[in-house]
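Where a number appears in this text, it was derived from the coordinates with a stated rule and is not lab data. Please read these numbers as outputs of a predicted model, since none were measured by experiment. Cβ sites come from the backbone with ideal geometry, for glycine too, and all protein chains shown count toward neighbours.
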Amino acid sequence: MPYPIIDAAEHAWVLHDPRFQIDSEISSCPGGRPDHELSGEDLIAGMKMYGVDRVVISHVCYYGRDNSYTSHCVKTWPDRFAGIGLLVGHRLHAPDDPANPDRL
């Protein structure tokens, strides 16, 4: 059985889906808003083109601390994606606060 090919450093974001709006007020990127998108579907197309089995979507600065789109991609394509997100209020709450998973 061959080892899977994993791309462990991608970002994903969309511009035209009202569920995942980019808010330049919370964005931590210079400029705050990209001029193009790189959706989960775009990542899958690239995976097929280059023979990649799985991708780890790393949180993108356009969404500030909102992990919704990364979570959406992981839930929609669990056989393709894993995700890395940011904790909301990570400096406001103790690391062992049992409510932290609900803040993701």
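About its Cα centre, the dipole of the chain is roughly 120 debye, where the only charges are +1 on Lys and Arg Cβ and -1 on Asp and Glu Cβ.
Most simply put, the chain has about 10% antiparallel DSSP beta bridges, counting only bridges with both residues inside it.
The residue list Leu15, Val56, Pro98 was ranked by how far each Cα lies along the charge dipole of the chain toward its positive end, using unit charges on Cβ atoms, and Pro98 comes out on top. A simple packing score, the average count of other Cβ atoms within 10 Å per residue, orders the peptides 70-76, 15-21, 56-62 as 56-62, 70-76, 15-21, with the highest score first. Modelled spin-label separation between Ser28 and His16, with each label point placed 7 Å from Cα along the Cα-to-Cβ direction: 3.0 nm.
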